[in-house]
Amino acid sequence: MKRIFNAVLFCAVLLLATSCSRGEAVPQKASVASPSGNNTVEFFLLDDGTAAYSVQHAGKVVIDTSALGFEFNSMPPLRSGLLVTAVETDSLDNTWSMPWGEQLEVKNHYNELRVDLKEVAEAGRRLTLRFRVYDDGLGFRYEFPQQEGMGDLEITEELTEFQLTGDHTAWWIPGDWDIYEHLYNTTRVSEINAIAKRDHPNLASTYIPENAVNTPVTMRSDGDEKYYLSFHEAALVDYAGMTLKVDTTALKLTSGLVGSERNAYKVKRSLPFTTPWRTIQIADEAKDLIASHLILNLNEPNAIGDVSWFTPMKYTGIWWEMHLGKSSWDFANTQRGGETLSMDDASGTHGATTENTKSYIDFSARNNIGGVLVEGWNTGWEHWIGFEDREGVFDFVTPYPDYDLKDVVRYGREKGVEIIMHHETSAAPRTYEQQMDTAYALMQSLGIHSVKSGYVGKIIPKGEYHHGQWMVNHYNNAVKKAAAYQVAVNAHEPIKATGLRRTYPNMISREGLRGQEFNAWSVEKGNPPEHLPIVAFTRMLSGPIDFTPGIFNIKLEPWKPESQVNTTLAQQLALYVVIYSPIQMAADLPEYYEGNPAFQFIRDVGVDWQRTEVINGEPGDFVTIARQERETGDWFVGSITDENARAMNIDLDFLEPGVAYEANIYADADDAHWDLNPEAYKITREDVNSETTLQLKLAAGGGAAISIKKK
Ligand code: NOJ
Ligand code: CA
C-alpha cells in the first residue's frame, strides 16, 4: 500500500495535532537507525491511516510493510484513520551489571523513535508507539496514555504484523496456550502447520487453537547474504502471552494473544499502560543471536535491590529417581491427605525421606555441589494427577511423617549445602496464593533461599490457560512476593522468559521447554539429538533454562529400559556450558557418578560467568560456547552436535595473551555414538594458550566439554 507523505494536507483537514495548531507540519512518517546504522526502522501511515512499519538490515528489507493496531470488546478497533501528532527521537548508551548471568557487564545502546498517534474520527483516541533500534535488532511497544472516554480497556486481539520477505527456514513449536513442552519443528514458513501438533500423549495440558507458533521463533533466510531473525517479546507484565499466527501464503506473522474462556477479552487494563515489547533479533550469523542482550536490555533495571542472598549453584536432588520409577513422590497408599497421615500409611517407596536427603547432602558436600532439591516432601501427592478437585490438596508447609524438614536443613547447613524447596501447585494457583506467605515465611525462617515451583495440569479456575493474562500475573506476583522473603524462583510449566530477570533477579531459572525428564517417560523415545542444538537458538534466547543435564546412565537401565537419553555422555557434560542457567542440576543418581572420572568436569564447572563467547553454531546442527567463571577466571567450553558427527577447530583466542593454561578435554571416544555407544568418552590433558587451536571431534549426537585453568 502507498504511504502517506502529505502531512500538511492532513494538518489542514484536521487541526487537532498540537504542532499543527502552531502551524508546523508534523511529519507523517519517520525513521530511526541503530547506532551502527545496520538496522533501520521506518514508520509510516497506510492510505487508510493505519500505522505501519518496515525494517531494513544491511540495506535489505527484512520486514516489509506491517500494520499495527488493536481490537476491543465494546469499542471499535484502533487501527485505521490515524494521524501522527508528534514524533520524537532519543538514544541511550550505557552499561549495566548483572548480579549473576552469562556475563558481568551488558551494553545497552539504542536509538529510539516515539510516535504519537490520534484518531481522525470524533472519538479522537490516542496511542503512542515506541521503537528502540539496536545493532542486534529492535523492540517496539504500544503505550496507551491516560485519556477521556477510555477507562478500562478490554483488548480482544492485538493486530501486530511481521511481514516476512522470504519463505524462510523456521524452527518452531506450536502456539500452545498451555505448555511449551513440544519438540521443535524445522520447516519453511509456508509449511508451518501447528494444528497437526495437537495430539500429545505426554502433556497434562495442551491447547493449540489455531495455526500459530510460540516465541521465540527463529528463522534463516536463503541466499548468499543470509540473515537470521528471531521473534519474541520482552517484559511480559500484566498482559497475555503472545503467539504468532502464521499466514503460510502471505508469509506473514500476526500476534495472537492467549485468551481465557472466562472473559470476552484477552487483556484487561486500565489506562495508562504499556504493552510488552515486540522484539525482532537480527543477525548475520546464528551465533550472534545467542550473544545478543536485546531482550534483557528492553526490561527495566533491578527493582528489588541486592540479591546476594541467592548464590548461583549446582544442585543434586531427589528427583530423577522418581522419574525413573525407583521411588515415588507420594508417601502413602491412601488418598487421605494432610496431617492425618502416619507412618502406618507408608507405602515404602517414598523418595523424600530424611535419610535419603542426608545421603544426597553428603554426596553434594563431597563434590562441590551447593544444593539439594527435595521433591515429594509435603502432603498432597496422593491426590494429584488426573484429579479435577485439586484445590486445597497440596500443602506447602506440612512434611510427610518420614521427612524432618528442620533436621535436613540443619544437617545441610553443617555440610555447607542448601536445601532447595519444592512447590508443586498442580496448576491450582489459588491454593498456592492462599499459602504463599506462610510457605515463603517458613523458608525464610529456615534460611532456604530458592524454590522450584510447578504447574502441571489444566489450570483451575477452569477456562484459564498457563499463558494468559491471569496466569502471567500469578507467575509475576509469586516472584515479587518471593523476593520479599529473600526467595528465588525456578518455575516449571512456567510462562515464557521475557527478560524480567533483569528487573527481578530472584527470577532465576525456569523450564518452559521439553526438558530432560521427557527422556525418562516419553512414549516418543525422548528428545532427538537435534533437540538441544535447536533449543540453543530458540528457547535459550529468552532466558535461563532448568534443563537438568548430567545423565551418565544414558540407557536408563534397569529402570526404564524402553527409554533412553539420545546424546552421548560427553554431550551431557557440554550442556553445563552450552545451556545457561544460574542453577544447574547434576541430575543423575549419585551411584552413576561415583567412581566415574567424567564426573570431575561437573565438580569443576562454573555456574556464574564473567564473560561468554559464542564460538560457532547453526540451529539444529551444532553450537559451541566458551564461558569464563566469575570468581576464578577459569574458562569452560561446551560443544554439542545433532545426529551428525563433526570435526571442528576451536581458536582459544579468548584466553589472556601470554598466559599458560592447562586444558582438560572430555571428548567422545572415537567409536562413541548417541545410540550405539553413548557412554564412551576419553579425557585428555593439554597445555594451551591464547594462540592454541584445538581440534575437536564430536560423535553423532555427541559433544565435548573442556575446562581451562591457569597453570
Ligand atoms: C514437572 C516438572 O517439570 C518436574 O521437574 C517435576 O518433577 C514434576 N513436575 C513434579 O512436580
Ligand atoms: Ca515439565
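The values are calculated or read from the model by the stated rules, or taken from the named source; none is laboratory data. Everything numeric in this text was worked out from a predicted model, so none of it was measured. Using ideal geometry, Cβ is built from the backbone for each residue, glycine included, and neighbour counts are taken over all protein chains shown. The accessibility values were calculated without ligands, DNA or RNA, using every heavy atom of the protein model including side chains. Shrake-Rupley method; radii C 1.70, N 1.55, O 1.52, S 1.80 Å.
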**OP:** List the GluC sites (Glu not before Pro) within the stretch 132-210 that fall in a DSSP loop (any state other than H, G, I, E or B) and whose Cβ has at most 16 other Cβ atoms within 10 Å.
**Re:** 148, 210
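Between residue 677 and residue 524, what FRET efficiency follows from the Cβ-Cβ distance if R0 is 22 Å, with the result rounded to 0.05? Let's see the in-between values first.
Working: r = 23 Å, r/R0 = 1.04.
Calculated transfer efficiency: 0.45.
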Original post:
Which order do peptides 166-174, 198-206 fall in by mean Cβ count within 10 Å, highest first?
Top reply: 166-174, 198-206
Original post:
Where in the stretch 641-695 are there GluC sites (Glu not before Pro) that are in a DSSP coil and have at most 11 other Cβ atoms within 10 angstrom of their Cβ?
Top reply: 691
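Which value in deg cm²/dmol, rounded to the nearest 500, describes the helix-derived mean residue ellipticity at 222 nm for the chain, given -39,500 (n - 2.57) per DSSP H run of n ≥ 4 and division by the residue count?
Computed ellipticity for the chain at 222 nm equals -4000 deg cm²/dmol.
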Original post:
With a ≥ b ≥ c the root eigenvalues of the C-alpha gyration tensor of the stretch 539-604, is it rounded (a/c under 1.5), prolate (a/b larger than b/c) or oblate?
Top reply: oblate
Subject >> Apportionment of accessible area to carbon and sulfur, the chain, percent (1.4 Å) >> reply: 47
Original post:
In debye, nearest 20: dipole of the stretch 445-544 around its Cα centre with unit charges on the Cβ of K, R (+) and D, E (-)?
Top reply: 280
**OP:** Please report how far the C-alpha centroid of the stretch 451-475 lies from that of the stretch 169-218, rounded to the nearest whole angstrom.
**Re:** 19
Subject >> Over the stretch 109-203, relative contact order from alpha-carbon pairs under 8 Å, at least 6 apart, % >> reply: 16
Subject >> Whichever lysines have a C-alpha closer than 17 Å to that of residue 118, once near sequence neighbours (fewer than 8 apart) are set aside >> reply: 29
Original post:
Near the amide H of residue 69, under 5 Å away, which other amide H atoms are found, from residues 5 or more places off or on another chain, if H is placed in the peptide plane?
Top reply: 159, 160
Original post:
With r defined as the distance between the Cβ atoms of residue 92 and residue 616 and R0 fixed at 30 Å, what FRET efficiency is calculated, to the nearest 0.05?
Top reply: 0.45
Subject >> Additional length obtainable on full extension of the chain from residue 594 to residue 271, 0.36 nm per residue less Cα span >> reply: 110.4 nm
**OP:** Could you calculate the contour length gain from residue 430 to residue 631, that is, 0.36 nm times the residue separation minus the distance between their Cα atoms, to one decimal place in nm?
**Re:** 68.2 nm
**OP:** Would you mind computing, in nm to one decimal, how far apart the modelled labels at residue 697 and residue 407 are, each placed 7 Å from Cα along Cα→Cβ?
**Re:** 5.3
Original post:
Which listed residue (311, 289, 149) has the Cα farthest towards the positive end of the charge dipole for the chain, taking +1 on Lys and Arg C-beta and -1 on Asp and Glu C-beta about the Cα centre?
Top reply: 149
Subject >> the stretch 189-197 - phi-based ³J(HN,Hα) in whole Hz, Karplus 6.51/-1.76/1.60, Gly and Pro as x >> reply: 4, 5, 10, 5, 9, 6, 4, 5, 9
Original post:
What list of ³J(HN,Hα) couplings, whole Hz, do you get for the stretch 695-711 from phi and the Karplus terms 6.51, -1.76, 1.60, once you set θ to phi - 60° and write x for glycine and proline?
Top reply: 9, 10, 10, 9, 6, 4, x, x, x, 9, 10, 10, 10, 10, 10, 5, 7
**OP:** May I have the pair-distance distribution P(r) for the stretch 159-255, computed from all Cα-Cα distances with 5 Å bins from 0 and rounded to whole percent?
**Re:** 3, 13, 24, 25, 18, 11, 4, 1, 0
Original post:
In whole percent, what relative contact order does the stretch 7-297 give with Cα contacts below 8 Å and a gap of six or more residues?
Top reply: 16
**OP:** Please identify every one of the chymotrypsin sites (Phe, Trp or Tyr not before Pro) in the stretch 623-657 that sits in a loop by DSSP and has no more than 12 other beta carbons within 10 Å of its own beta carbon.
**Re:** none
Subject >> Relative contact order [Cα under 8 Å, 6+ residues apart], the chain, whole percent >> reply: 11
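For residue 154 and residue 303, what is the calculated FRET efficiency with R₀ set at 30 Å and r taken between the beta-carbons, to the nearest 0.05? Can you show the working numbers first?
On the way: r = 28 Å, r/R0 = 0.93.
The pair residue 154/residue 303 has a calculated efficiency of 0.60.
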Subject >> Helix 405-415 axis, angle to the chain major axis (alpha carbon atoms, nearest 10°) >> reply: 80
**OP:** Mind scanning 496/560; 60/226; 452/560; 287/682; 314/452 and naming the pairs with a C-alpha gap bigger than 19 Å?
**Re:** 496/560; 452/560; 287/682
Subject >> Whole-number accessible area per residue in Å² for the stretch 395-541, which is evaluated in the context of all protein chains at 1.4 Å >> reply: 28
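Averaged per residue, what accessible area in Å² does the stretch 7-297 show with a 1.4 Å probe, protein chains only?
Value returned for the stretch 7-297: 36 Å² of accessible area per residue.
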Subject >> Full-extension gain in nm, residue 685 to residue 441, via 0.36 nm per residue minus C-alpha separation >> reply: 83.0 nm
Subject >> Cα gyration tensor shape for the stretch 360-456, rounded if a/c is under 1.5, else prolate or oblate >> reply: prolate
Subject >> Point-to-point label distance, residue 210-residue 105, nm (Cα→Cβ direction, 7 Å offset) >> reply: 4.6
Subject >> From phi via Karplus (6.51, -1.76, 1.60), per-residue ³J(HN,Hα) for the stretch 482-491 in Hz, x at Gly/Pro >> reply: 4, 4, 5, 9, 6, 10, 9, 10, 10, 8
